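I have placed the structure first, in the form of structure tokens, so that the comments after it can refer back to it.
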């Protein structure tokens, strides 16, 4: 017991030391991971020009006009923010961050603000204000817990997204996201991980051989099949790092007789535009939808990825035909339907370890996919335990909002952004943590490693592959 106490004390001391160092360093984060491709002179003027263009061509003005007329400074959102509870820094309070942008809108884009500013000669946007916004907007994980707490319904995550959008239009955006989306939209490979098509085909053929040897069943990854029911597109990183997830999904389709296909022209559901730029978001959505039309698939199915699923679910109707657009589903929904219909059978004796489940913010926050994965898990994992809080009120993994892709800030993600999540995981005593999201899995694996938690992070279909029964 004494050794256990000493270890815990040392761990806490090390955490506090890292925390202080990160809090000091974080004010300089944008210097390290933001990219300035454009002329850095006269940034305030360029910021306001970009802001004006966005207001002219979008509907953001309606939201901003509402937000500036109600209080945005009560601070109740602070108790829900995992970043603020870890740092205690006022800059991390969601309403403080939102006010940075709202004050710019109020001063430069409302009649009263413009008249008052010119009369007093004050309130002008400065380089220092832009630096502060660049810093604090990218410290946010966009988990949207603050929005649930706001008594007047201010969407702080929407304001943060708009701030990132404006900054990216003047050349201030995380290098990792800019480089990845450039390769996705303009590069030779056409995907964020720069995987060549021959490498993709080789990988899938290898997995097919592996599954045949292990399961004794011909499990295929169909490619470019016309008129299949589903166009299946995962986060492209799954082809590199989540073989077990892909094998589980393929096994489910084989066991249930599902009709699906993968496009060889475009096979990446990642949409980093959701994190920082609406123009990028739209281009990626159109690229994905174009493959569904090319192969004449009536439905779009996204793999285990929170942000990819949410971006397709919410923005395919926006950019591709409204209510007449092809419907978007997440693989968890398909697997759940197959389980309930009796077409999918799972062996409850295979997984014996204690299991817990992490709700990806983009799946659970708005109540979209909450109970279905739990019903699947409980059907074959008998030693299941919930986190607290959970479901719609879950705590972010610490890498949301695109931050997980910025490897330069890993220590910030796992020591500051992921502290609350680490405490949650540790409290469950689980040996297996299910996270049905590519970004969450990357973040949580780094989190349990850096925080010294004895827990394996997997996708839901990783476990399904182990327990699936073929008839």
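Read-outs: derived from the displayed coordinates by stated rules, not from any lab. In this text, all values refer to a predicted model and were calculated from it rather than measured experimentally. Cβ atoms come from the backbone with ideal geometry, glycine included; neighbour counts cover every protein chain shown.
Shown for 162, 115, 55: other C-beta atoms within 10 Å of each C-beta, ranked fewest to most, produce the order 115, 55, 162.
Is the shape of segment 267-424 rounded, prolate or oblate, going by the alpha carbon gyration tensor and its root eigenvalues a ≥ b ≥ c, with a/c under 1.5 for rounded and a/b larger than b/c for prolate? Because a/c hits 1.5 or more and a/b fails to exceed b/c, segment 267-424 counts as oblate. When peptides 332-343, 251-262, 136-147 are ranked by their average number of other Cβ atoms within 10 Å per residue, the highest-first order is 136-147, 251-262, 332-343. Computed over every Cα-Cα pair of segment 189-340 and binned at 10 Å starting from 0, the pair-distance distribution P(r) comes out as 11, 43, 36, 9, 1 percent. The slack in the chain from residue 188 to residue 296, taken as 0.36 nm per residue of separation less the alpha-carbon distance, amounts to 36.4 nm.
Axis angle, to the nearest 10 degrees, between helix 156-169 and the longest C-alpha principal axis of the chain: 80 degrees.
Angle of helix 94-108 to the longest C-alpha principal axis of the chain, folded into 0 to 90 degrees and rounded to 10: 50°.
From helices alone, the chain scores -16500 deg cm²/dmol at 222 nm; the rule is -39500 (n - 2.57) for each run of n ≥ 4 DSSP H residues, then divide by the residue total.
Summary of packing: across the peptides 301-312, 225-236, the per-residue average of other C-beta atoms within 10 Å ranks them, highest first, as 301-312, 225-236. Averaging the sequence gap over all C-alpha pairs within less than 8 Å and six or more residues apart, then dividing by the number of residues, gives the chain a relative contact order of 15 percent. Normalised by 2.2 N^0.38 Å, with N the number of residues, the alpha-carbon radius of gyration of segment 282-326 equals 1.05. So what's the gap between the Cα centers of segment 220-257 and segment 116-178, to the nearest angstrom? So the two Cα centres are separated by 38 Å. Tell me, rounded to the nearest percent, the portion of alpha carbon pairs in the chain spaced more than 30 Å apart. Everything past 30 Å amounts to 47 percent. A Förster radius of 45 Å combined with the Cβ-Cβ distance from residue 226 to residue 347 puts the calculated FRET efficiency at roughly 0.80.
Counting only alpha carbon atoms, the long axis of helix 278-294 and the longest principal axis of the chain meet at about 30°.
Compute the relative contact order of segment 26-171 as a whole-number percentage, counting only Cα pairs closer than 8 Å that sit 6 or more residues apart in sequence.
On the way: 138 pairs, mean separation 50.0, N = 146.
After rounding, I find 34 percent.
Peptides 86-95, 57-66 ranked from most to least packed give 86-95, 57-66, packing being the mean of other C-beta atoms within 10 angstrom over each peptide's residues.
Classify segment 26-171 as rounded, prolate or oblate, taking a ≥ b ≥ c as the square roots of the eigenvalues of its Cα gyration tensor: rounded when a/c is under 1.5, otherwise prolate if a/b is larger than b/c and oblate if not.
Values: a/c = 1.66, a/b = 1.16, b/c = 1.43.
It comes out oblate by the Cα gyration axes.
The label point for residue 41 and the one for residue 209, both projected 7 Å from the Cα toward the Cβ, are 6.0 nm apart.
How long are the three semi-axes of the equivalent ellipsoid for segment 346-471, computed from the Cα gyration tensor as the root of 5 times each eigenvalue, in whole Å, largest first? Can you show the working numbers first?
On the way: eigenvalues 120, 46, 36 Å².
The three semi-axes for segment 346-471 are 25, 15, 13 Å.
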